[in-house]
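The structure under discussion appears below in the form of structure tokens.
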Amino acid sequence: MPKYTTEDIRNIAVVGGPGTGKTTLVEAMLAAAGAIGRAGRVEDGTTLCDYDDIEKEMKHSLDSALVHFDYGGAHINLIDTPGSSDFLGKAIGAFPAVETVMVVIDAAAGVHQVTQRLMKIAQERNLPRMIVVNRIDAAEDLAQVVADIKEAFGNICLPVNLPADGGKRVVDCFRNTAGESDLGAVDDFHTAIHEQIIEVDEELMQRYLEQGKVAHADLHAPFEKALREAHLVPICFTAARDGIGVKELLDVIVGLCPNPTEGNPRPFEYDRDGTTHALAPIADRTKPLLAHVFKVSADPYVGKLAVFKVHQGSLGHNVQPKLDDGRKPIRVSHVFKLQGKAHAEVDEIIAGDIGACAKIDEIHTDSVLHDGTIGEHIHLRPLPLPRPMYGLAIEGANKNAENKLGEALAKMAGEDPTFEIDRVAATHQLVIRGLGELHLRVKLRLLKDRYGVEVRTEQPKVAYKETITAKADGHHRHKKQTGGAGQFGEVFLRIEPLPADHAEGFEFVDDTFGGSVPRQFMPAIEKGIRGVLASGCVAGYPMQGVRVAVYDGKHHPVDSKEVAFITAGKRAFIDAVSKARPALLEPFVKLDITIPADMIGDIAGDLSSKRGRIQGTEMLPGNQAVVKAEAPLSEVMTYASTLKSMTGGVGSYTMEYSHDEQAPPNIQASVVAAYKPHSDDDE
């Protein structure tokens, strides 16, 4: 049994843009709480959270890391997350495990685009948020930083403590009223946050209006209610490198942040009797077990490691909970508390706490462990993870590498939901996809260092799609005589385009009458057509958006066979497509490009040369801007290097799939001209 209860736990995800000092802040909190003797340094590779060799070499986080410590009667779990947009999925992936999202902002750099995105997702997920302004000793104008935060996230962002003496110390403005700070009179900020809090409690509001003040002891519950209802985002100030404001931050976490019984519950669903039910578990160890796996990693010593949050019940060693669908029990031999890369075995993980188990192959990211009494097919509402669009075509450098490549990629994909493996039939390439150039560079390094797999890479070919733009009829008679029984089948069909938003992109209809084509041959005709859909007939790419209606045909009582109608259906369909003004569809992506505001014109001009379209611009605090655009994927596959060159390395972007559009005639002509169809072996 742990020495703490569910009410003592504070689960916090430490997130923010790149270079804001998140890992340094976590180290400072560990040191201030006495969990480590001295805070490690990212530059020296001595931090608990950046323990991977590649992280030490690159000097920034590439994955989330869990640490814990006790302070002020509370047990605090911190999840340190990467700040680069290439590893955004790792930060979002920590959200299901916490009651509070702590967003760290660099006082010198201001609000970053990644920060804005994470704040928005946390709000949409109904997670209480707090902001830590770090490196206050390096800021030129902290008042402007606070103004920028309010401009970006609203006037609900209010300080609970304040920098003083030029950022050399921090004073409490939540409890205190007297004194001056670097931002002005403490009493002004004290009044502002008290008035914000009491707005969520009518009785307290009435008392405040009558008496002009309320007791500090009466503010704890309304403070947490304001957090839960997104009526307040508290701001704290630190200079983590020198330990300034760190103990004050810990006091805020212990005294004001919600514990698992007070935070907004995560939204689960389960199936029972064919009906989907909502489930919002409140941390309670007397309830049936419900634990969610929010991270899976490959540990070199203990094998596959699953990190989970117990939402209700408890999970100990030598138990056999059900996994996901409620039918398959698994054996959990040991449970651990994690401290960076270190694992300490414990008797159980109680409700509200975070732990890990190892060597269970069936577990994957987003798995749910339960005792089987709740229902079947239990799952958490999906996270809004960015879709990986940046791709590289790879192949093993030698035969040995080819043999090991598939298994290594599968393990890596299991650890990272934003890393995908795509065997593109249309281009005959094995393509890995991630969120950016750095993301895939790290994956290639892992392939080599962890799995011993050397690969060759190249830019992937664009995966176009084929479609039609007009109605047309097609016909083919297949007749083959080789001595003895022959083959005969004749098909007349009509095709027409389907709407772009059609769910399947294909419809097959039997419009024959009078038995011109016996019903048993319809599946054969459809099989022949689907074969063309898969391999294409214009440029070798899959076809979609087609409705096919077979309206007539002929058969022979002896020679008609399934193989004959497969060929007749295929050839009739190809004949119709050739008359239906076939077209190529190319993928378009959405781009959010963060740049200095004075570069908007340069970026817009470059995108225009790439057939891109500007959808709008958004001004950010600190003379930054976000250009929102759409562009063909083929034109922006190497946009990372383009943007780096244009902005001197200060620009960043995110890219996600948007939709498909018909390719221009010159692009279509060149792609079709390069197509070399395979010879048919059925003729």
Task: Residue satisfying condition, being in contact with a His (Cβ under 8 Å, 6 or more places away or on another chain) and small (Gly, Ala, Ser), within set 549, 572, 597 - done: 572
Open item on the list: Quick check on segment 423-439. Is at least one of its residues surrounded by fewer than 20 Cβ atoms within 10 Å (Cβ to Cβ), out of contact with any Lys or Arg (no Cβ under 8 Å at 6 or more places or on another chain), closer than 26 Å to residue 542 by Cα and without any contact (Cβ under 8 Å) to a residue 12 or more places away in the chain?
Closed with: yes
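Only one residue in 457, 427, 467 is of a type in the set (S, T, N, Q) and either part of a loop (DSSP other than H, G, I, E, B) or within 21 Å of the chain's Cα centre (by Cα) (or both), so which one is that?
Numbers: 457 fails: either part of a loop (DSSP other than H, G, I, E, B) or within 21 Å of the chain's Cα centre (by Cα) (or both); 467 fails: either part of a loop (DSSP other than H, G, I, E, B) or within 21 Å of the chain's Cα centre (by Cα) (or both).
Selected residue: 427, the only one of 457, 427, 467 that is of a type in the set (S, T, N, Q) and either part of a loop (DSSP other than H, G, I, E, B) or within 21 Å of the chain's Cα centre (by Cα) (or both).
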Open item on the list: Residue pairs, Cβ under 7 Å, 6 or more apart or interchain, first in segment 47-61 and on the phi > 0 side of the Ramachandran plot and in a helix (DSSP H, G or I), second modelled with pLDDT of 95 or more and surrounded by fewer than 16 Cβ atoms within 10 Å (Cβ to Cβ). List them.
Closed with: none
Open item on the list: What's the number of the only condition in (1) assigned to a strand (DSSP E or B); (2) free of Cβ contacts under 8 Å to residues at least 24 places away in the same chain that residue 413 fails to meet?
Closed with: (1)
TODO: Of the numbered conditions (1) under 23 Å from the mean Cα position of the chain (by Cα); (2) of a type in the set (Val, Ile, Thr); (3) under 26 Å from residue 71 (Cα atoms), residue 261 fails exactly one; give the number of that condition.
DONE: (1)
Task: Any hit, segment 484-495, residues being in contact (Cβ under 8 Å) with a residue 24 or more places away in the chain, farther than 30 Å from residue 580 by Cα and loosely packed, with under 15 Cβ neighbours inside 10 Å - done: yes
Task: Selection within segment 496-533 - within 18 Å of residue 572 (Cα to Cα), in contact (Cβ under 8 Å) with a residue 40 or more places away in the chain and part of a loop (DSSP other than H, G, I, E, B) - done: 511, 512, 517, 518
TODO: Only helices (runs of 4 or more DSSP H) wholly contained in segment 571-683 count here; list those with 1 or more residues that are among the basic types (Lys, Arg).
DONE: 639-647
Task: segment 209-251, residues that are outside any helix (DSSP H, G or I) and among the β-branched types (Val, Ile, Thr) - done: 214, 233, 235, 238, 244
Task: Breaking point among (1) more than 22 Å from residue 160 (Cβ to Cβ); (2) assigned to a helix (DSSP H, G or I); (3) not hydroxyl-bearing (Ser, Thr, Tyr), for residue 66 - done: (2)
- [ ] May I ask you to list the residues in segment 1-32 that are assigned to a loop (DSSP other than H, G, I, E, B) and either of a type in the set (S, T, N, Q) or over 18 Å from residue 65 (Cα atoms) (or both)?
- [x] 1, 2, 3, 4, 5, 20
Open item on the list: Considering only residues that are crowded, with 23+ Cβ neighbours inside 10 Å and touching a Cys at 6+ places or on another chain (Cβ under 9 Å), which ones fall in segment 43-65?
Closed with: 61, 64, 65
TODO: Report whether or not residue 448 is over 24 Å from the mean Cα position of the chain (by Cα), at pLDDT below 95 and outside any loop (DSSP other than H, G, I, E, B).
DONE: yes
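Looking at segment 267-286, can you tell me whether even one residue there is among the acidic types (Asp, Glu) and either touching a Phe, Trp or Tyr at 6+ places or on another chain (Cβ under 6 Å) or buried (at least 20 other Cβ atoms within 10 Å of the Cβ) (or both)?
So in segment 267-286, the residues among the acidic types (Asp, Glu) come out as 269, 271, 273, 284.
After this cut, where a residue has to be either touching a Phe, Trp or Tyr at 6+ places or on another chain (Cβ under 6 Å) or buried (at least 20 other Cβ atoms within 10 Å of the Cβ) (or both) as well, the list is none.
Checked against the condition, which is being among the acidic types (Asp, Glu) and either touching a Phe, Trp or Tyr at 6+ places or on another chain (Cβ under 6 Å) or buried (at least 20 other Cβ atoms within 10 Å of the Cβ) (or both), segment 267-286 yields no hits at all.
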Open item on the list: So, in segment 148-161, how many residues would count as being over 30 Å from the mean Cα position of the chain (by Cα) and hydrophobic (A, V, I, L, M, F, W, C)?
Closed with: 1
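Grab the strands (runs of 3 or more DSSP E) fully contained in segment 273-317, keeping just those with 1 or more residues being without any contact (Cβ under 8 Å) to a residue 40 or more places away in the chain and not aliphatic (A, V, I, L, M). Quick ask: steps written out before the conclusion?
Details: elements: 275-279, 290-299, 303-312.
Of the strands (runs of 3 or more DSSP E) lying wholly inside segment 273-317, those with at least 1 residues that are without any contact (Cβ under 8 Å) to a residue 40 or more places away in the chain and not aliphatic (A, V, I, L, M) span 275-279, 303-312.
I'd like to know if segment 117-139 contains one or more residues that are assigned to a strand (DSSP E or B), in contact (Cβ under 8 Å) with a residue 60 or more places away in the chain and over 30 Å from residue 594 (Cβ atoms).
First, the residues of segment 117-139 that are assigned to a strand (DSSP E or B): 129-134.
Of the ones still in play, those that are also in contact (Cβ under 8 Å) with a residue 60 or more places away in the chain are 129-134.
In the following step, the residues that additionally are over 30 Å from residue 594 (Cβ atoms) were identified as none.
No, every residue in segment 117-139 fails to be assigned to a strand (DSSP E or B), in contact (Cβ under 8 Å) with a residue 60 or more places away in the chain and over 30 Å from residue 594 (Cβ atoms).
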Open item on the list: Need pairs with beta-carbon distance below 6 Å; first residue more than 11 Å from residue 241 (Cβ to Cβ) and within segment 23-44, second of a type in the set (Phe, Trp, Tyr); sequence gap 6+ or separate chains.
Closed with: 30/69; 33/69; 33/71; 35/69
Task: Test: residue 191 is in a strand (DSSP E or B) and out of contact with any Leu (no Cβ under 6 Å at 6 or more places or on another chain) - done: no
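Return the residues of segment 220-229 that are hydrophobic (A, V, I, L, M, F, W, C) and without any contact (Cβ under 8 Å) to a residue 40 or more places away in the chain; say none if nothing qualifies. Show your work before the answer.
Step one: of segment 220-229, the residues hydrophobic (A, V, I, L, M, F, W, C) are 221, 223, 226-227.
Correct list: 221, 223, 226.
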Task: Residue identified as touching a Leu at 6+ places or on another chain (Cβ under 6 Å) and under 25 Å from residue 230 (Cβ atoms) among 67, 101 - done: 101
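The values are calculated or read from the model by the stated rules, or taken from the named source; none is laboratory data. Predicted, not measured: the structure shown is a model, and the values here were computed from it. Cβ sites come from the backbone with ideal geometry, for glycine too, and all protein chains shown count toward neighbours.
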